[in-house]
Amino acid sequence: MKEKLTCSYCGAELTEATAQHFDGVTMCEECLDAKTVTCDNCGKRIWKDLAEGDEGLTICHYCYEYEYVNCEDCGRLLHRDN
């Protein structure tokens, strides 16, 4: 017997083909899109509430710590290579 899959957030019934698994949580595609984002720098999927960055850039904590700095004058986020 197949295990019944449900979205951990909205409770929608899922099939193995429609279930999205992230960080140990099973979700539907809509909840995955609502609760997570991908880092604009490295492409890693992260929880939306853990994202760093500014209005034009979403990055993971690792990229924020090791690849970006904030401008001392305006606070804008800049890649260390620039």
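Computed with a 1.4 Å probe over protein heavy atoms only, the accessible surface of region 15-82 comes to 70 Å² per residue. Extension gain for ASN70-LYS4 works out to 19.1 nm (0.36 nm per residue, less the C-alpha to C-alpha distance).
Of the heavy-atom accessible surface of the chain (probe 1.4 angstrom), what whole percent is carbon and sulfur? After summing per-atom areas, the C and S share lands at 46 percent.
Sort 67-75, 50-58, 13-21 by the packing proxy (mean of other Cβ within 10 Å over each peptide's residues), most packed first. Mind showing how you got there, number by number?
Working: 67-75: 10.4, 50-58: 13.8, 13-21: 12.0.
In decreasing order of mean packing, 67-75, 50-58, 13-21 become 50-58, 13-21, 67-75.
Note that region 32-78 shows a convex hull volume over its alpha carbon atoms of 70 Å³ per residue.
Taking a straight line from the alpha carbon of LYS35, these aspartates and glutamates sit under 14 Å away, with near neighbours fewer than eight places off in the same chain left out: ASP23, ASP49. Set against the labelled values (i) 18, 44, 34, 3; (ii) 17, 38, 22, 15, 7, 1, 0; (iii) 19, 42, 33, 7, 0, P(r) over Cα pairs in 10 Å bins from 0, in percent computed from this structure falls on (ii). For the chain, trypsin sites (Lys or Arg not before Pro) are listed when DSSP marks them as loop and at most 16 other Cβ atoms sit within 10 Å of their Cβ; the list is LYS2, LYS4, LYS44, ARG76, ARG80.
The values are calculated or read from the model by the stated rules, or taken from the named source; none is laboratory data. Bear in mind the structure is a predicted one, so any value in this text is a computation, not a measurement. Ideal geometry is used to build each Cβ from the backbone, glycine not excepted, and the neighbour counts take in all protein chains shown. Protein only, heavy atoms only, side chains kept; ligands, DNA and RNA dropped before computing areas. Shrake-Rupley method; radii C 1.70, N 1.55, O 1.52, S 1.80 Å.
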